[in-house]
Amino acid sequence: MQKLYASLCKNLKDYNQQKIKLWEKGVEDTTEDNLNKFLLYREPTPLAEEGFIRVNFDPILVRILREVKYLLLMDIEVPERAQLLFKKVDVYRTQTGNLEIITNMYNEILSILLPVEKPLLADRIEMMNKSLQPGIETLKWNSQNIDPFINKAMTVVSDQDQLVKKMKDNIKKIETMMQTWKKPLFERKQKPLFPEDLEQSHSAIVINRLEEIKNHGKEIHKALKDTADNIKPDKKSHTWLSY
């Protein structure tokens, strides 16, 4: 039994060592390749002509970072390459998190803009594309100056995100006000009325409705002015008139 126990322990130990060696080889082979990938990539989608932008941090790197963490907790030595990668785990987590926020805002902007809204923001969309382009074709995960790029892109995309939200909020206010107009202009009374009384009652409803529409009209003009003040369009242009 002792010999069998010793043999079994040796086999398990050899098996573990073999698996660790294979894992180490996989780390060396895949880590550098994945760190040489660009930060971002474009994904075609029918929702946006330009395509959505995605974060290009390979799931294999996420898995390796998680495995290194648990191997270190088990006091198992890991290759130097894996140790160097793990030292930047917080950096990668912060960078990927911020890039996810940026790309989510960018993709949402492209997906919710209506055909009459998009031309008004064409220059701002181009500004966002330029700010994100280095992450698509220049910067890689082992590059320098990733944080300045993220900070600049965050500022540019956040500004446009706030602008689009303001536009949508103003439209929502206008729609809410106009929904209140959808009430009958004639009320059927429980009892018969003389024509004069009916006409007087109906005229009062019409006058009140006109006053309500006039007051809402002022608010609608304010909402449109607020949008115009933020996007600063040419108010005589076809794009603004269509909007």
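Each value in this text was obtained by applying a stated rule to the coordinates, not by laboratory testing. Only a predicted model underlies this, so the values are computations on that prediction, with no experimental measurement involved. We place every Cβ from the backbone using ideal geometry, glycine too, and count neighbours over all the protein chains shown.
Gain on full extension, evaluated as 0.36 nm per residue between H221 and Y70 minus their Cα-Cα distance, stands at 48.3 nm. Each part gets one Cα centre, and for the range 208-243 versus the range 78-138 those centres are 34 Å apart. For K21, the lysines whose Cα comes closer than 20 Å to its Cα, not counting residues fewer than 8 places off in the same chain, are K10, K13, K69. Pairs exceeding 30 Å between alpha-carbon atoms, taken from K165/K236; K25/K87; K173/K232; K172/K236; K140/K166: K140/K166.
Rounded to 0.05, the FRET efficiency of the K232 and T94 pair, given R0 = 30 Å and the Cβ-Cβ distance, is 0.30. Helical runs (DSSP H, four residues minimum) scored at -39500 (n - 2.57) apiece and divided by the length of the chain put the mean residue ellipticity at 222 nm at -25000 deg cm²/dmol.
Sorting the Cα pairs of the chain by distance into bins of 5 Å, from 0 upward, gives 1, 5, 10, 10, 9, 9, 8, 7, 6, 6, 5, 5, 4, 3, 3, 2, 2, 1, 1, 1, 0, 0, 0 percent per bin.
Of the DSSP H helices in the chain, those with a Cα length along their own long axis of 18 Å or more and a mean Kyte-Doolittle hydropathy reaching 1.0 comprise 59-73. The residue among F38, P184, Y243 whose Cα reaches farthest toward the positive pole of the charge dipole of the chain, with charges on the beta-carbon of Lys, Arg, Asp and Glu, is P184.
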